[in-house]
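Down below is the structure, laid out as structure tokens.
The values are calculated or read from the model by the stated rules, or taken from the named source; none is laboratory data. Everything quoted here is computed from the prediction, not taken from an experiment. With ideal geometry, Cβ positions are generated from the backbone for all residues, glycine too; neighbour counts draw on all protein chains shown. Heavy atoms of the whole protein, side chains included, go into the accessibility calculation; ligands, DNA and RNA do not. Shrake-Rupley method; radii C 1.70, N 1.55, O 1.52, S 1.80 Å.
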Amino acid sequence: MTAPASGDGGDRGGRVDVMARGALVGLGAFAIMAGAITLLVIVPATMLRQVKAPPDLPPYTARQLEGRQVYIANGCIYCHSQQIRDPAFTTDVDRGWGSRATVPEDYVHDRPHLLGTMRTGPDLINVGQRLPDMDWHLIHLYDPRALAEWSIMPAYPYLFARKRPQDVGPGDHVVKIPGPRAPAGVVVVAKPEAIALADYLMSLKRQYPVPDSARAGHRMAMQRADGGAGDGGR
Amino acid sequence: MSSPLTPPPEAPLRTGALADAEIDAVAAARGLAPEDVAIRARADASSRRTVLALYALAIVWLLIGTIFGDLASFKLHWPDLLTQQAWLTFGRVRTAHLHAVNYGWASLALIGTCLWLLPRLVHTELQGARFATFGATLWAIGVAIGAVAVLAGYNDGMEWLEAPRYMAGPFLVVGGGLLGLSMFRTAAARRAEHLYVSVWYILGAFIWFPMLYVVGKWPTLSGVESAAANWFFAHNVLGFWLTAMSVGLAYYFIPKVLGRPIYSYALSVVGFWSLAMFYSLNGMHHLVGGPLPTWMITTSIVASIFMFIPVVATGINLHMTVVGRFGALRYSPTLRFVVLGAVAYTAVSLQGSFTALREVNRITHFTHWTVAHSHVGGYAFVSFLAFGAIYYVVPRLVGHEWPSARLIRWHFGLVLAGITLYIASLTWAGVAQGLALLDPQLPFQVSVERTLPGLYGRSLGGVLLTLGHLVFAYHFWIMVRRPAAWRARPPFHEVQPILYTAEAEAASRPSAREVGAA
Amino acid sequence: MLPTSLAVVLATAAMTLVPVLVLAWGWRRGFFRDLDAQSRVIFEPRDWRVERPWESPAERLTREVAYGAPLAPRPGEWGGAEGGGER
């Protein structure tokens, strides 16, 4: 077998050099990534462990957690965010989506986060405050355009059953669809998934004052428009 | 004037093997030892089946992903389209699209090209080719399970990481592991003196992706820590998986086709290491304004600005190598795709740095701008690279050129028009949406209505892309569909001598009389 | 717009200093000694000589002088279908 020759010294010396370079590239690549993981994932995770659940924020009930899974399973996150940005930075608060910027404490019960990256639809972190009506949510989920004709939100009729009037049972949650889009001759009944989802949505309220731990200048200063540190809200 | 070397006669051969007589003949003609010729032949033959399998799987996922993409796009401006079935709802179809095109099409096409390229660059056979083929199949099964699961409503809840970890995960992990093992064993068996820059990018990608996957799929994360891990993964899977392989391939195909070395190899060293350092810290720029500590977000914004260094370094290399040779794009479909892809890389990276600035982010965050940006990267860059690579590699695997120049032109024209329309309409829609959202006097309705023309434009762009992909898939099919024919023929360029013999090394050095640069 | 916090300043300093030091060490070790040869690793003698239809006569002459008589490209050499594959 012809040994690879080069102007770079003998075969043996060349191969040792190449080995060194190969291993170095690999080690360097690994080390840099490990450093970034440490800085941006591990360190914040340990720091954020001191974040306590605010007294005004109860954990999700079992039904709300079910509803949260329905939210995830149907990809609501791809159109809706759940975060309010600093009012000094932008107009989330002016738009009426919340009274203050959200802070890490607001998300302690969220596993995983549902912060979202798109606002094809409105932000939802305080939708339970804005729209505390189960029936509104059920109608909206069944057919968004029954309530807002300009809406491009998908309809979720499969979260509901359409029954003949005589088949409606005593425990059924009937949803009265208003206006011309109401289905004729059938009664819309919410399935448990729809009710759970609406329950979850109505649990989304983060209007309580910023917890003391966030306000008392702990190490994790929240963002402000100038990039400097500040507390999360009023 | 020219005296072309007559290609060796194409004698009927044993499947997968080369006739000794043919090797001897070519070796004698080139003044080389038969063993050197045989090694290259075996190198190319070793990867042939694996790479073709990966390409076939990739193209299947391209078609599936494209259809899901079209459906998702239509549903945004025709919201009552196909809403009765849960598995067709926008939120699931859109996820299936992203999953299929990233983990299916892009990953498989790039992995396949890397498996072809690495043996060539390190001058040895692909080690463990059968395991690699098996690994590719497992990976594709994992992608399929992930897509079906998401459509069925099983979803791990984080963007880019939706495929359920205990359903799809094992297949992706084992399959990816076998592919990576093949890659590392090949690199370890190398005979090459120098490790070309593409090798660093390829090996880097296979080291980095598993690390990212572990972080992204860590099961105990919750709250805003999960957001940090989520966007650490999602952003870095772009930079250290898709981009790393794509840039590595661009560093090969551009100089190789043009026949001139990369503009400045020193810059490629700078580009690689600065990409590693700065890209890895970028991820939090997806959360500007969000409920995370300021220092994290600011670090990411700063790192996003520092990205100018690797982007300019890589850009100079890839673009300056082509300057003065743009005529080559007329003759080489590979260069058409790869050069435009490289331009898109520079563009998307500069756009990314720009978008990370708080003042710009204020307008663009949460809008369709981000989706447009992701398609500049994922399509105009990564997918174009993959198309260019496939056009180059497949003739070398099946031993003959592509059947139809017209089909190539149609493919190129359709996808170029499609992605241009896509990016233009959606970027415009995003800015309109962002500006409307910033004005609290304007009801939310206005932000939705202002995006509609752009959403229709994006759908039209998507239809053009779909047509282009159908043309491409058909062309690939007629190219490879007679395996008996190409298995009997040795891989294209199969009897190239390996570079590193003394004679070949001398032949590669420019003579003293060289005028100007090659 | 510019960062002010100490953590960021330190991280930035580390991000610039560490790679510079590593690159300097690599330079001392001689990893960058033969960059030119490294950039030519991907080429074989045939790549230098094969005729490229887009090159000007001056460029072709340069190639011929430096590397020897030109070789014919194979059909599909550049990733396409030039050899009359108009089906």
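Going by what's in this entry, would B:Tyr422 be described as within 13 Å of chain C (Cβ to nearest Cβ), among the aromatic types (Phe, Trp, Tyr) and crowded, with 24+ Cβ neighbours inside 10 Å?
no
How many of the residues making up segment B:322-338 are part of a helix (DSSP H, G or I) and either open to solvent by 10 Å² or more (accessible area, probe 1.4 Å) or at the interface with chain C (Cβ under 10 Å from one of its Cβ atoms) (or both)?
Adding up the residues that qualify gives 10.
Which count do you get for residues in segment A:100-145 that are in a helix (DSSP H, G or I), more than 9 Å from chain B (Cβ to nearest Cβ) and under 30 Å from A:Val187 (Cβ atoms)?
Matching residues across segment A:100-145 total 12.
Mind listing whichever residues of segment B:279-288 are of a type outside the set (A, V, I, L, M) and either open to solvent by 10 Å² or more (accessible area, probe 1.4 Å) or free of Cβ contacts under 8 Å to residues at least 24 places away in the same chain (or both)?
Answer for segment B:279-288, where residues must be of a type outside the set (A, V, I, L, M) and either open to solvent by 10 Å² or more (accessible area, probe 1.4 Å) or free of Cβ contacts under 8 Å to residues at least 24 places away in the same chain (or both): B:Tyr279, B:His285, B:His286.
Is there a residue being at negative phi, at pLDDT 80 or above, among the charged types (D, E, K, R) and loosely packed, with under 13 Cβ neighbours inside 10 Å anywhere in segment C:8-28?
So far as segment C:8-28 goes, yes, one or more of its residues are at negative phi, at pLDDT 80 or above, among the charged types (D, E, K, R) and loosely packed, with under 13 Cβ neighbours inside 10 Å.
Picking from A:Leu114, A:Leu131, which residue would you name as being under 30 Å from B:Val288 (Cβ atoms) and open to solvent by less than 40 Å² (accessible area, probe 1.4 Å)?
A:Leu114
Please state which one of A:Gly67, A:Gly28 is open to solvent by less than 50 Å² (accessible area, probe 1.4 Å), modelled with pLDDT of 85 or more and within 30 Å of B:Ser274 (Cα to Cα).
Just one listed residue meets the conditions, A:Gly28.
Helices (runs of 4 or more DSSP H) wholly in segment B:169-239 with at least 3 residues that are surrounded by fewer than 23 Cβ atoms within 10 Å (Cβ to Cβ) and more than 8 Å from every other protein chain (Cβ to nearest Cβ) - which ones?
Where helices (runs of 4 or more DSSP H) fall fully within segment B:169-239 and carry at least 3 residues being surrounded by fewer than 23 Cβ atoms within 10 Å (Cβ to Cβ) and more than 8 Å from every other protein chain (Cβ to nearest Cβ), they are B:169-188, B:197-216.
Could you list, in sequence order, the residues of segment B:274-314 that are within 7 Å of chain A (Cβ to nearest Cβ) and over 30 Å from A:Asp106 (Cα atoms)?
If the condition is that a residue be within 7 Å of chain A (Cβ to nearest Cβ) and over 30 Å from A:Asp106 (Cα atoms), then B:Ala276, B:Met277 are the ones that fit.
Looking only at segment B:362-406, how many residues end up being more than 14 Å from chain C (Cβ to nearest Cβ), among the small types (Gly, Ala, Ser) and not in a helix (DSSP H, G or I)?
0
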